[in-house]
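The structure under discussion appears below in the form of structure tokens.
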């Protein structure tokens, strides 16, 4: 995995490092004024084996990746170390089905259920990170709603 320099099989599904005025993944300079770190963890549909611990808990996995970057143990694609910075805002998103074990993990992480019941969200004080768990159904529904007007203008079916 070139972005973290890790030889381990554990890796984030998506990792976005946004910086002011210069996208980090395309940057070849040595200074990195990071604006935020976003980790997206995607789980297989209908997976119902979530357990406590970083190996089986996608929330803990995403927070672990966030910590890896903050602690200066990650590299850019070009092999440059990302400087340690504990103050970088962190955003962790987990895309998965809300199976019984995933709901249990969300409750254990002290996350709040969304108004529509299709996700969870909250702030983890220990990691200084916003965490959101989004069900696949919610993701598809939101995308459909967001793009409905655009599809209508193009004359494309939106359902």
Alpha-carbon Rg with Dmax, taken over region 118-159, Å: 15.3, 48
Quick check: from the Cα gyration tensor, does region 77-159 come out rounded (a/c under 1.5), prolate or oblate? oblate
What order, most packed first, do the peptides 80-86, 47-53, 58-64 have when packing is the mean number of other Cβ atoms within 10 Å of each residue? 58-64, 80-86, 47-53
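All of the numbers you see were taken from the coordinates with simple rules; none came from a lab. All figures in this text were calculated on a predicted structure; none of them were measured in a lab. Counting neighbours? That spans all protein chains shown, and the Cβs are built from the backbone with ideal geometry, glycine included.
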